[in-house]
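Undergrad: Pasting in a structure now, in structure tokens, and then I'll have a few things to ask.
The values are calculated or read from the model by the stated rules, or taken from the named source; none is laboratory data. Quick caveat: nothing in here was measured; it's all calculated off a predicted structure. In this analysis, Cβ positions are derived from the backbone assuming ideal geometry, glycine residues included, and neighbour counts consider all displayed protein chains.
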Amino acid sequence: MEKNIDYLFNDVPLYAKEEFKVFELKEGVYELNETEMSNFVKYIGLNKNKIVTYCHKCKKEFPFNIEKSCGKLEHDINFTYYMSITKTPKGSMTPPIPGRIEMSSGFLHGMQPPYNKEMLLNNIIWYIEYYCECTNNDAHRYLMMISIELKDGKFIVRKIGQNPSMITIKGFDFDKYKKILERLNAYEDYKKADLSNADQFYVGAYAYLRRIFEKMINFYLGSKKIEDEHMDKKIEAVKEEFDPRVRKLLKNLYGILSISIHELDEEQSKEYYGYLKAVIDMQLEYMNTEEEKSKQSKELESVISKITNLVKK
């Protein structure tokens with residue numbers, strides 16, 4: 001996924017940081033990394049006047065117009081924003097203009113790199129607010145706020161505010177499988193899994209999904225007794241209850257489930273979460289479909305029975 005302003009708004013949780021090593025220290029001087037500068041500019045999106053996101057009031061994805069307000073940043077009469085990054089040189093009758101970055105393009109004005117280590121500013125923080133209006137209804141408005149810190153040649157970007165929350169914007173549909181999840185006694189686990197994942201608590205999110213899958217297995221086992229209580233044996237005993245597409249994944253799934261939670265780091269939990277969530281959602285959809293088929297079948301049997309009785313009369 002491209003890390004641009006849409007990604008920053010739609011997918012990055014609060015207080016998560018993204019680092020861009022724009023200036024690299026080499027032999028006592030900071031040299032410009034043009035690729036990292038380009039990535040940084042793309043990420044904060046000051047050259048963009050729209051984002052695309054889900055409007056939770058329109059119940060549909062739309063482009064949103066953006067207006068920006070930049071704290072601690074300088075601007076000219078055309079409201080082109082600049083970020084000063086170097087100190088003012090001393091000891092010269094006509095000192096050069098300090099280095100500054102044009103925020104919408106990444107162009108450098110004034111002093112050009114390489115910069116002496118002492119010249120590049122350090123531990124400076126700026127703020128940008130993004131005011132977003134839905135193009136379908138301008139009364140539907142969002143807000144995002146980020147901080148940008150310059151530290152040791154790196155720009156560190158954090159999302160420090162968003163309204164409404166990502167959970168609202170992403171439009172999590174917790175009720176789609178509510179009846180089935182309640183039957184499994186797993187509805188609260190399902191909600192907590194997505195909420196933990198949205199808050200970047202991946203180990204916790206994965207733990208909730210693992211619990212749901214275990215409850216699903218025990219639901220299918222019912223009162224059935226098996227000699228070996230290990231998860232692989234339980235899965236083998238109930239595999240025919242699963243969507244045929246899911247059955248093919250069960251062997252790999254057991255390998256993931258057999259790893260202790262304490263052995264996983266956040267990145268592994270994040271990766272396994274996506275896999276396990278897809279499997280669980282696929283099975284919940286299968287259960288939902290099978291239940292609907294059963295309902296339709298019973299309704300059809302009832303209609304046919306009535307018609308049969310009428311014919312006999």
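Undergrad: Within the range 227-245, can you find the residues that are touching a Lys or Arg at 6+ places or on another chain (Cβ under 9 Å) and either in a helix (DSSP H, G or I) or touching a residue at least 24 places away in the same chain (Cβ under 8 Å) (or both)?
TA: Answer for the range 227-245, where residues must be touching a Lys or Arg at 6+ places or on another chain (Cβ under 9 Å) and either in a helix (DSSP H, G or I) or touching a residue at least 24 places away in the same chain (Cβ under 8 Å) (or both): ASP232, ILE235, ALA237, VAL238, LYS239, GLU240.
Undergrad: Is there a residue being touching a residue at least 12 places away in the same chain (Cβ under 8 Å) and among the polar types (S, T, N, Q) anywhere in the range 173-194?
TA: For the range 173-194, residues touching a residue at least 12 places away in the same chain (Cβ under 8 Å) and among the polar types (S, T, N, Q): present.
Undergrad: Please work out which residue is modelled with the lowest pLDDT, limiting yourself to the range 7-40 and to residues that are assigned to a helix (DSSP H, G or I) and among the polar types (S, T, N, Q).
TA: ASN10
Undergrad: Which pairs turn up if I take residues in the range 32-57 that are more than 21 Å from THR86 (Cα to Cα) and look for partners that are part of a loop (DSSP other than H, G, I, E, B) and among the basic types (Lys, Arg) with beta carbon separation below 6 Å, at least 6 apart in sequence or on another chain?
TA: TYR43/LYS3
Undergrad: Follow-up. Quickly run through the range 36-50 and pick out the residues that are out of contact with any strand residue (DSSP E or B) (no Cβ under 7 Å at 6 or more places or on another chain) and more than 14 Å from LEU108 (Cα to Cα).
TA: Answer for the range 36-50, where residues must be out of contact with any strand residue (DSSP E or B) (no Cβ under 7 Å at 6 or more places or on another chain) and more than 14 Å from LEU108 (Cα to Cα): LYS42, GLY45, ASN47.
Undergrad: Can you pull out every residue in the range 153-173 that is surrounded by 15 or more Cβ atoms within 10 Å (Cβ to Cβ), assigned to a loop (DSSP other than H, G, I, E, B) and at pLDDT 75 or above?
TA: Correct list: GLY153 only.
Undergrad: Just to be sure, is ASN47 of a type outside the set (Phe, Trp, Tyr), more than 21 Å from LEU8 (Cα to Cα), in a loop (DSSP other than H, G, I, E, B) and assigned by TED's automatic domain parsing to the domain that holds GLU27?
TA: No.
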